[in-house]
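The values are calculated or read from the model by the stated rules, or taken from the named source; none is laboratory data. The model shown is predicted, which means the values in this text are computed figures rather than measured ones. When we count neighbours, we look across all protein chains shown, and the Cβ atoms used for this are built from the backbone with ideal geometry, even at glycine.
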């Protein structure tokens, strides 16, 4: 146990940790902060967020056809409010516009170059940007939600390559009617955040665990350690110190991440199913997860990735004899892992974008690959020459 | 002695392996554009037939060939109903498209594209006025005061350069159609940016390896106490720089070699860089000087190497300070992050916002805008040279100082 603690202490080297902390801060600044500080990003994204939140309050996590009628009533009420605004606006009066429908019609149809076009354009700019009238933005938000709901399940799937995914999509549509209320922007925002968080954690584990075996070997300590009473068991003591460190670091990073993510305030959508009407069909999931369960799955994947990274990094660290070779091997390994993360493992994982077996093959392959690496090296460790 | 230091680099199978690994990544990146290769490469036939510049004469002879094409496509439909080739090509359900060889049809289409673009060039440059861009740039970057004045005066200079381009007929030189093929972005931004990061990884690895070798092999106490001893760090700097240059040139050379084999630039080497055809955004690319494409590529490679030499020198400085290559790699990552982060902190009213751009790390992020007027934050004619020179001189001074200090430092 005391050996374990000493090895553990050696990994938490203050210089390395300082560098890791700074690298993490810059990484946050460049890749993550945008999705937290600017969410929802502008209007009508902000209005849609409020509309969705209200929907959850009024209808629960699903919206059926009768509730949808009530939803449309709200849209009509907003349009009426906009009409009142237009009736009290001088430019609108001049153009003879008294309702929201007339205003949209004129705005879309007035031909370029004529006087009316110029005026309606100016009115539009005034309402939307100069004065930022809420109700007009709200209507845009309402209409987007409405059209998503109306068009749910009407996919134009031509690609025969994904025939099994296509069947699954249609099955989900039949079973759930895609009534779940989960905004695409929230799903997308979480995807962006968790993807970069995963990449950051993998990089950090590579850096910290890379120092598991190599420093001792470079100092010539191995000859002393492996001929002592404890002997080659030290390989496992160091390894478990590495795993413990990996677990703690991953938990710390995920903890900080979810603390920051709570600023985005998405908790009301946690119990919504992923079969949302605002997703395109490739984003529907092979499993019927709720959003919270989906978050749980990504967390589990991050832990898996972190431990696989730790094993790979530790084994490289045991086999090389200079830092240059260590980092030189870590770079291609990290590139491959990051490619896997950003194309499969943390980007809409288990969605219909890829066949179901693709995700499992990658996950099982990763675990088996790093496990095998560890198994063969630890067997060799019993007999290996130490001078 | 430099020879022995460099031997350490070139005898490392890992570095050579990484060189090949990165080359294969770059080749895989190119695979994305292979499907459009056929239509891209048609241009060299056009240049071969009609000449290098889309002058009135050239356009005229292209026009007469296109007329032939019109007659020919009319002969494939009833009643010769096409008034212009444009109409014929846009007719999506024309029966004649199926009855003709695909290749002939594509050639006609592409010839039409280049002839149309060429005929718009003069008018486009006449109407383009760079001085009108200043206000939108100032607003977009939130500039005011001295910084805004700088932008306005720079745009005046750019306007002058634009008039020079039009007067020299630089804008008429044929090049791959930018809006369709995006070859400039592809080569210099997609491949170029990744290439720069790959070379940076190699250069930092090898420089720190050479420079910390004695400390890590624990030969430092022996080596640095001999008469020749302390001067070894100078040789290590020279060896790092030489190997960095060779690796930078090697990876860039290999990548470009494969690229130019895949995509046919043979007729375009001497095309002016600042041409209208290459335009991918509302603003066409304009270089600060009258450069041909091959000259631009030459300058690009030279700048890639120069930037990497600076990274090599930074790694050497970190090595002599930290004496442990793992820490050097981490410290370099921190330095990289720091210099990418700082420019965002400078307030928009001071011209310092431009001064912060003069760093090799920022320079590295925009390889597609090197030597051009196209990046508003770095639109100074000698931006690249000034960045390299100022950092080169600064690092040179710092290195001499460190070498001097190292001579008298306690070694244990």
Worksheet, complete the sentence: Residues in the stretch A:339-370 that are within 14 Å of chain B (Cβ to nearest Cβ) and touching a strand residue (DSSP E or B) at 6+ places or on another chain (Cβ under 6 Å) total 0
Discussion item. Here is a check on your reading of the model: is residue A:212 in the same structural domain as residue A:11 (by TED's automatic domain parsing), under 19 Å from residue A:315 (Cα atoms) and not in a helix (DSSP H, G or I)?
Written reply: yes
Worksheet, complete the sentence: Filtering the stretch A:47-61 down to residues that are within 23 Å of the chain's Cα centre (by Cα) and surrounded by 17 or more Cβ atoms within 10 Å (Cβ to Cβ) yields A:47, A:48, A:49, A:51, A:52, A:56, A:61
Discussion item. Here is a list: B:174, B:215, B:130. Which entry is within 30 Å of residue B:349 (Cα to Cα) and surrounded by 15 or more Cβ atoms within 10 Å (Cβ to Cβ)?
Written reply: B:130
Fill in: Filtered residues of the stretch B:318-328 (kept if closer than 17 Å to residue B:202 by Cβ and either surrounded by fewer than 24 Cβ atoms within 10 Å (Cβ to Cβ) or more than 10 Å from chain A (Cβ to nearest Cβ) (or both))
B:318, B:319
Discussion item. Every residue in the stretch B:255-274 that is part of a helix (DSSP H, G or I) and surrounded by fewer than 17 Cβ atoms within 10 Å (Cβ to Cβ), please.
Written reply: B:257, B:258, B:260, B:261, B:262
Worksheet item: In this structure, is residue B:3 over 24 Å from the mean Cα position of the chain (by Cα), more than 14 Å from chain A (Cβ to nearest Cβ) and part of a helix (DSSP H, G or I)?
Response: yes
Item to complete: Identify all residues within the stretch B:343-362 that are in a helix (DSSP H, G or I), away from chain A (no Cβ under 11 Å) and more than 17 Å from residue B:149 (Cβ to Cβ); write none if there are none.
Response: B:343, B:360, B:361, B:362
Discussion item. Considering only residues that are surrounded by fewer than 19 Cβ atoms within 10 Å (Cβ to Cβ) and either under 21 Å from residue A:295 (Cα atoms) or touching a residue at least 12 places away in the same chain (Cβ under 8 Å) (or both), which ones fall in the stretch A:362-373?
Written reply: A:362, A:364, A:367, A:369, A:371, A:373
Worksheet item: Among (1) under 18 Å from residue B:241 (Cβ atoms); (2) surrounded by fewer than 17 Cβ atoms within 10 Å (Cβ to Cβ), which single condition is residue B:315 missing?
Response: (2)
Discussion item. I'm checking my understanding of the structure. Among residues of the stretch B:9-31 that are more than 11 Å from residue B:251 (Cα to Cα), away from chain A (no Cβ under 11 Å) and in contact (Cβ under 8 Å) with a residue 24 or more places away in the chain, which one is surrounded by the most Cβ atoms within 10 Å (Cβ to Cβ)?
Written reply: B:30
Discussion item. Residues to consider are B:189, B:157; find the one that is assigned to a helix (DSSP H, G or I), away from chain A (no Cβ under 13 Å), under 30 Å from residue B:51 (Cα atoms) and touching a residue at least 60 places away in the same chain (Cβ under 8 Å).
Written reply: B:189
Practice prompt. From (1) within 14 Å of another protein chain (Cβ to nearest Cβ); (2) crowded, with 16+ Cβ neighbours inside 10 Å, pick out the condition that doesn't hold for residue B:383.
Written response: (1)
Worksheet item: Cβ-Cβ below 6 Å, separation at least six or inter-chain, first residue in the stretch B:59-77 and surrounded by 15 or more Cβ atoms within 10 Å (Cβ to Cβ), second not in a helix (DSSP H, G or I): which pairs?
Response: B:74/B:82
Practice prompt. Consider residue A:336 carefully, then state whether it is within 14 Å of chain B (Cβ to nearest Cβ) and surrounded by fewer than 16 Cβ atoms within 10 Å (Cβ to Cβ).
Written response: yes
Worksheet item: Looking at B:303, B:340, which is the one that is in a helix (DSSP H, G or I), over 17 Å from residue A:16 (Cβ atoms), under 22 Å from the mean Cα position of the chain (by Cα) and more than 14 Å from every other protein chain (Cβ to nearest Cβ)?
Response: B:303
Worksheet item: Can you find even one residue in the stretch A:89-100 that is closer than 30 Å to residue B:324 by Cβ and away from every other protein chain (no Cβ under 14 Å)?
Response: no
Worksheet item: Among the residues of the stretch B:285-307, is there at least one that is crowded, with 22+ Cβ neighbours inside 10 Å and within 18 Å of residue B:54 (Cα to Cα)?
Response: yes
Worksheet item: Considering the stretch B:204-230 alone, what residues qualify as being away from chain A (no Cβ under 12 Å), in a helix (DSSP H, G or I), in contact (Cβ under 8 Å) with a residue 40 or more places away in the chain and under 18 Å from residue B:2 (Cα atoms)?
Response: B:220, B:230
Practice prompt. Please find, among A:4, A:31, A:71, A:8, the residue that is in a helix (DSSP H, G or I) and within 22 Å of the chain's Cα centre (by Cα).
Written response: A:31
Worksheet entry | Residue list for the stretch B:12-49, restricted to those being closer than 21 Å to residue B:210 by Cβ and assigned to a helix (DSSP H, G or I) | B:13, B:14, B:15, B:16, B:17, B:18, B:19, B:20, B:21, B:22
Fill in: Residue count for the stretch A:105-163, restricted to those that are modelled with pLDDT under 85 and under 27 Å from the mean Cα position of the chain (by Cα)
9
Worksheet item: Can you tell which of A:57, A:37 is within 14 Å of chain B (Cβ to nearest Cβ), at pLDDT below 95 and within 26 Å of residue A:276 (Cβ to Cβ)?
Response: A:37
